[in-house]
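The values are calculated or read from the model by the stated rules, or taken from the named source; none is laboratory data. Because the structure is a prediction, the values reported are computed rather than measured. So basically every Cβ, Gly included, is an ideal-geometry build from the backbone, and we count neighbours across all protein chains shown. Quick note on the areas: whole protein, heavy atoms, side chains included, nothing else; ligands and nucleic acids left out. Shrake-Rupley method; radii C 1.70, N 1.55, O 1.52, S 1.80 Å.
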Amino acid sequence: MKTKWFISTSLVLALFATVVKGLTIDGTASPGEYPAGQPLAVQVLGSNASAQNPTNGDLFASSGSQLDAAYGVISNGTLYLLISGNMQSDSNAPVKYDKLSIFIDTGAPGQNTLANNNFDVDQPSAIRRMSAGGDPNNCPTCPGLTFDTGFNAAYWIGLSYGFNPGQSPSNSTLYVNYATLPAGGGGFGNFSGSVLPGQTNTALANGIQAAMNNVNTSGVDTNLCSTNAASAAQSIAAATVKTGVELAISLNDLGGPNIAGPVRVTAFLSTNDYSQIYDQLLAPGTVSGCVDSFAYGDPLTNNFSTLPGTHNFTVPIFGCNYTISPFNALYDNTGGAGSFSVGVLSSGGGCSWTATSSVPWIVITSGSSGTSGGTVTYTVAANTGAPVRAGTITVTGTGPTGIDVFTITESGVALGVITVDGTADPTYGCPVAVQNLGTGFGNATNGAANAALGGSELDAAYGIIQNNVLFLTLAGNLENNGNKLMIFFMTGPGGQNTLTNINPKVNGGILNVMGTYANGSHSNAPGLTFDAGFAPNYWMEANGTGGTNGYSFFLDYAQLWPGGCCDSNGFATNGYFVGYNHATNGVMLLDTGGKNPFNIQATVNNSNTNGVDGGPGGGVGCFTNSIANGGSGLESSNAALVRTGVELGIPLAALGSPTGTIAICAFIDSGDGTYMSNQILGPLGSNDTTYCQANLGTVTNTASINLNNFPGVHYFVVGPEMRIKSIQVVTNRTVLVSYQTEANTNLTYQLQRTTGQLSTNSVWSNIGGLVFGNGGIITGTDPAGGTNKPDGFYRVRQTPLCQ
């Protein structure tokens, strides 16, 4: 049997449920956002003493918990909710963490009584604690939380809020969880993410946006039944409160085309362990028993249908709301057929839609239009070219916001080729590290490929090894003021976890300035210390100077001791200035001039104006960028989109010819190497504003920094190169193919086989399904390889699958 292998690469676009712009998710029911500005449910009961009454008016730390009113609307394919009131997190009870539970009935099959086998989510367990038998030690036969008759909860959004002992109230955080509640139990749940008070339009997982505003001091009083301290009805004060928890939830994450409507909601506050429900329930029912106790008791025994009133509210529908499911599909180069569902939710019908293809190789075969929900089927033609390609089917409906997009990505047939031009080609796939923090070294906004005026930043890192070359793109900007991009490579044992002061004297000895330094203004510095387990062997440094018409880009290289050592002055010798060139349209291959024995390629494209914001705190906060300037609200959201910056093609021989994983730490430093910025990849993993400054807190001298003292993991890994390791015939038909995977867990692998004479028209068959790599060796089994098939060929397709 002849065997042969090669690799094809393709890009899978990351697609998420889109929350259409309409309302600002800021924790406030602003004028014009909700129909007529009227609440859908209003509190009539005073907040009991266990929940307390908020009186401090602090955005971050509320001294009590209460639910005053509910506002909501379904528009633009999104459920918008504002539950006004407060969630406690004051210094008197820093770990109180009251819980807000929001149950949603979409008209789909759900649970009137919470089942005993729902997915476990939140700590301590939320749904299971409130479900049948949720307290096996004290009440194993308790029936579980039961809703109003006819209310069948299909989804749950759980929220908690607070800060931990020893922290400032400004560290208060809103945590969001999500779970599905299908009839019969089971389902799915996870932690969607967190948001700080004051952040707006913060996108989380599961198609959710969230915001928190805790300033309310109005609303209901404590422990009063029908009147408050001003002798007015509790409902009068409650109806004036328009700040609290605000959510935007994509209908695609609430059942999508399966939503039957109407959409109804039950919301209530409970203790941290979900063992008691406060009297703060929306809709609250009638005034009944305002006493200093838990009005509704343990959810295990609570049955809302036996209590006075109706304990849910209906959310009105505005216009035509369109949903599709799924959002995308992936095909290999042979193409195929598929379908997706279209759903329509409206208040009065009359919502027609049409589906159109954007490219000729995607053909709609049925379901090109409809007046209610339906199915669109299509075919994808074979891709005989090399590049990956993407096309869309757009569903357009009546009304200004009736649109949704289904994306199809199809692989090419040949090995992706990387060009070192300052842009991360699709072959790289997904970033292996993404920035969290706004840059303290300024934000470049001029958009010139050959000079970044006013700022340096590191947004994301892309890396892959092909044909014994490490291709690396550090996306962002490198200001033309001599700021240094420092890149350290760990390729094997024997490196320096703490930099010494006898490394090669390249570029004025800047490596030794960062090392154990015994002279000058930073005498007796211990030396830059990396994360435990990271001890680099090699170093490269890039910088740029000059204006847009006279910009020059420089690259230096050194092997860290122990390497080649030493000259007569005791310094290691394997280091040199690699070369330079002048930028031309952002494409810059080094003029080696004989200084580049390994033929390293490098270039820069400084055109980025997206990515993280500039200034202390990244513009408006540690983890947020400027919405007003087109940002998404999360520094990491925009950073992950940047694919231009410094790009290198480094033959592995320049790094000691490693065969395993390469670990890399990259950061921006001052021109003299004494002032490290907060732009590090892997990034600082913290929401502590200490690290959202122009340097790493109070430590400014690079030679005095110990990265072990800062949150996060400050390096990322690339490689080893994917390659087939062995092909073994174990029976007359079974063939085992073992192949090395890269450490980037966003890469998937597909084993394929063809027979006969190999050509560009060979038809490849998938063997098994897609599997994720983790840097180890995977063995694929072909049970029908057969030894009687002449000229059998195997290949492994490596495909990015971005999260």
Legend entry - With all protein chains modelled, accessible area of residue 539 [1.4 Å, Å²]: 0 Å²
Legend entry - Qualifying aspartates and glutamates (Cα of each under 14 Å from Cα of residue 484; at least 8 residues distant if same chain): 457, 541, 556, 669, 672
Inset, instruction - Give me the accessible area of residue 181, 1.4 Å probe, in Å² rounded to the nearest 10. - result: 0 Å²
Inset, instruction - Provide the FRET efficiency to the nearest 0.05 for the residue 188-residue 382 pair, computing r from the beta carbons and using R0 = 35 Å. - result: 0.50
Inset, instruction - Compare 760, 799, 217 by solvent-accessible area with a 1.4 Å probe and give them largest first, with all protein chains kept in place. - result: 760, 217, 799
Inset, instruction - Just grab the label-to-label distance for residue 659 and residue 405, each label 7 Å out from Cα along the Cβ direction, in nm (one decimal). - result: 4.6 nm
Inset, instruction - Could you check the simple spin-label distance between residue 599 and residue 419, using points 7 Å along Cα→Cβ, in nm with one decimal? - result: 1.9 nm
Legend entry - Packing-based ranking, highest mean first, of 362-370, 261-269, 110-118 given that Cβ atoms within 10 Å are counted: 261-269, 110-118, 362-370
Legend entry - Exposure of residue 781 as accessible area (Å², to 10), given a probe of 1.4 Å and all protein chains: 80 Å²
Inset, instruction - Just reorder 351, 139 by solvent-accessible area, largest first, 1.4 Å probe, all chains present. - result: 139, 351
